[in-house]
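Asker: I'd like to ask some things about the structure below.
Just so it is clear, none of the values below were taken in a lab; they were calculated from the coordinates. All values reported here derive from a predicted model rather than from experimental measurement. Cβ sites come from the backbone with ideal geometry, for glycine too, and all protein chains shown count toward neighbours.
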Amino acid sequence: MSHAATTPQQTVLNATHRALGAKMVDFGGWDMPIHYGSQIDEHHQVRRDAGMFDVSHMTVVDLHGPRVRDFLRHLVANSVDKLKVSGKALYTAMLNEHGGVIDDLIIYYRNEAFFRLVVNAATRDKDLAWISAQAKAFDVEVKERPEFAMIAVQGPHAREKVAGLLSAEGRAVAMKLGKFAAAEVDGMFVARTGYTGEDGFEIMLADTQAATFWQRLLDAGVKPAGLGARDTLRLEAGMNLYGQDMDETVSPYEAALAWTVALDVGADSKPRDFIGREVLEQQKAHGAPRQMIGVVMDEKGVLRHGQKVLTAHGEGEILSGTFSPTLGKAIAFARVPAGEIAVNEPGAVRVDIRGKEVPVRVVKFPFVRDGASLVPAK
């Protein structure tokens, strides 16, 4: 292995995090802050007020060419034909021929010859190789944008705190943005998206401006939050983490992402020909072999990735598991064999924790929305 492969990459804000006393870890090949003192405090800060995350490790890819829309119709499982207004965004998965998830991503529509993708950091190399290979037949230019930094500002007061730092014109545009939409604001690309279950913005800006903007947010009372809080927030919000909750062996139907699949028909009345469609049609007709469920543990303890899950239909495993600061108990996603499972019934599912079968409740997710628990009392 070359030395370059073993040294984690740094975002443009690396020195800023260190100056703030961040505890740094290697995350998908990047040197990233896990917390700045207390992960729990950072979690509550985002749920109750506003916190910010450096997400500059995410990969921004711009697609250019007259056939970009045709290309994306073929590349992803959701329908880009839902994108008609400039700035509108779509969450989707990019699949292989077996219907497995290569990555989940967000697509932004700019104009008919320009769409923007944001893909995961840990999957950057394989994503770029896959996208570039598929793009050739459509003569689409695939251009990575490493010169962008990205800061996510999330929480009930996030939007107003960001708006306070913008020009009058920029503020008006930013505050009018609908959910899952983006616009150019004061030379930045501001999107009303996020990975926490809270309202807020994800802001792409030139890496040369990132440290200054981060400091302005800090001065406005937005506290920094690390990847630890980001993980507990997204799990409470019922959002998948690539590599943990899904991968190339898992279909969207097995990852509770049926809502991101469009088995639509084109203008020519033929089924839209996207990669992996045949497998998904089979699973839709006959059922996927596995399903993803949410579980909550009322006893003390922690649910962790890889623990064995026992159901009436057979064994599965815990995917993402954590202690939920909002609920005060352990929550997790699990993948188990398909079949009816009683919801909110303690013991319908059990988790093997160090040889002891601990009863858990199956609950619908998200577990938390707008800072409040959605989990019924036991």
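Asker: Let me know the shape class of region 192-302, please: from the alpha-carbon gyration tensor, a ≥ b ≥ c as square roots of the eigenvalues, rounded when a/c is under 1.5, otherwise prolate if a/b is greater than b/c, or oblate.
Answerer: Note, shape of region 192-302 comes out oblate.
Asker: ALA220 to ARG304: FRET efficiency via 1/(1 + (r/R0)^6), r the Cβ-Cβ distance, R0 35 Å, to the nearest 0.05?
Answerer: Values: r = 37 Å, r/R0 = 1.06.
Efficiency for this residue pair is about 0.40.
Asker: Spelling out what I want: for every residue of region 33-48, take phi, set θ = phi - 60°, compute 6.51 cos²θ - 1.76 cosθ + 1.60 (Karplus), and round to whole Hz; glycine and proline get x.
Answerer: Each residue's phi maps through the Karplus curve to give x, 8, 6, 10, x, 9, 4, 5, 4, 5, 4, 5, 4, 6, 5, 9 Hz.
Asker: Cα atoms only, region 289-378: Rg and Dmax in Å?
Answerer: Looking at region 289-378, its Cα Rg and Dmax stand at 11.9, 37 Å.
Asker: Suppose R0 equals 45 Å; then what is the FRET efficiency for ALA172 and GLU97 from their Cβ-Cβ distance, rounded to the nearest 0.05? Don't skip to the end; give the middle numbers.
Answerer: Working: r = 46 Å, r/R0 = 1.03.
That gives a FRET efficiency of 0.45.
Asker: Among the lysines, select those whose C-alpha is under 19 Å from the C-alpha of LYS126, and discard any that sit fewer than 8 residues away in the same chain.
Answerer: LYS136, LYS143
Asker: With an 8 Å Cα cut-off and a minimum separation of 6 or more residues, compute the relative contact order for region 77-204 in percent.
Answerer: With pairs under 8 Å counted, the relative contact order is 19 percent.
Asker: While we're here: In nm, give the distance between the simple-model label positions of LYS143 and THR7, each being 7 Å from the Cα along the Cα-to-Cβ direction.
Answerer: Inter-label distance under the simple model: 2.9 nm.
Asker: Right, another one. In whole percent, what relative contact order does region 289-378 give with Cα contacts below 8 Å and a gap of six or more residues?
Answerer: Across region 289-378, relative contact order equals 30 percent.
Asker: Right, here's the next one. Just from its helices, what would the mean residue ellipticity at 222 nm be for the chain, if runs of 4 or more DSSP H residues each count -39500 (n - 2.57) and the sum is divided by every residue, rounded to the nearest 500 deg cm²/dmol? Working shown, then result.
Answerer: Numbers: 10 runs with 88 residues, N = 378.
Taking each H run of at least 4 residues, the total per residue is -6500 deg cm²/dmol.
Asker: Consider a paramagnetic label point 7 Å from the Cα of ALA312 along Cα→Cβ; state which residues of region 339-375 have an amide N under 15 Å from it.
Answerer: From region 339-375, the list is 339-350, 362.
Asker: Let me ask another. Could you give each residue of region 354-368 its phi-based ³J(HN,Hα) in whole Hz, using Karplus coefficients 6.51, -1.76, 1.60 with θ = phi - 60°, and x for Gly or Pro?
Answerer: 6, x, 10, 7, 9, x, 10, 9, 7, 10, 6, 10, x, 7, 9
Asker: I would also like to ask the following. Leaving out same-chain residues fewer than 8 places away, which lysines sit with a Cα under 29 Å from that of LYS176?
Answerer: LYS82, LYS84, LYS88, LYS161, LYS223
Asker: Something else about it: What percent antiparallel are the DSSP beta bridges of the chain, to the nearest 5?
Answerer: Counting DSSP beta bridges with both partners in the chain, the antiparallel share is about 95 percent.
Asker: Taking the Cα centre of each part, how many Å lie between region 124-198 and region 363-378?
Answerer: 28
Asker: Using the beta-carbon distance between PHE114 and ASP268 and R0 = 25 Å, what value does 1/(1 + (r/R0)^6) give for FRET efficiency, to the nearest 0.05? Can you show the working numbers first?
Answerer: On the way: r = 25 Å, r/R0 = 0.99.
The calculated FRET efficiency here is 0.50.
Asker: Dipole of the chain, Cα-centred, from +1 at each Lys and Arg C-beta and -1 at each Asp and Glu C-beta, to the nearest 20 debye? Kindly include the intermediate steps, with their values, before the conclusion.
Answerer: Values: 44 positive and 48 negative charges, 150 e Å.
For the chain, the charge dipole is close to 720 debye.
Asker: Want the number for ASP70 to LYS84: 0.36 nm per residue separation, take away the alpha-carbon distance, what's left?
Answerer: My answer for the length gained is 3.7 nm.
Asker: Can you give the Kirkwood hydrodynamic radius of region 35-165 from its Cα pairs, in Å with one decimal? Before the final figure, lay out the partial values.
Answerer: Details: mean 1/r = 0.0613 Å⁻¹.
Radius from the Kirkwood sum: 16.3 Å.
Asker: Need one number: the % of Cα-Cα pairs in the chain sitting beyond the 41 Å mark.
Answerer: Tail of P(r) above 41 Å: 12 percent of Cα pairs.
Asker: How high is the relative contact order of region 163-270, in percent, with contacts defined as C-alpha pairs under 8 Å that are six or more residues apart?
Answerer: RCO, region 163-270: 15 percent.
Asker: OK, next. I'd like the Karplus ³J(HN,Hα) series for region 86-95: coefficients 6.51, -1.76, 1.60, θ = phi - 60°, whole numbers in Hz, and an x wherever there's a Gly or Pro.
Answerer: 4, x, 5, 10, 9, 9, 7, 10, 9, 10
Asker: Taking just the C-alpha trace of region 132-268, give me its Rg and Dmax in Å.
Answerer: 17.8, 55
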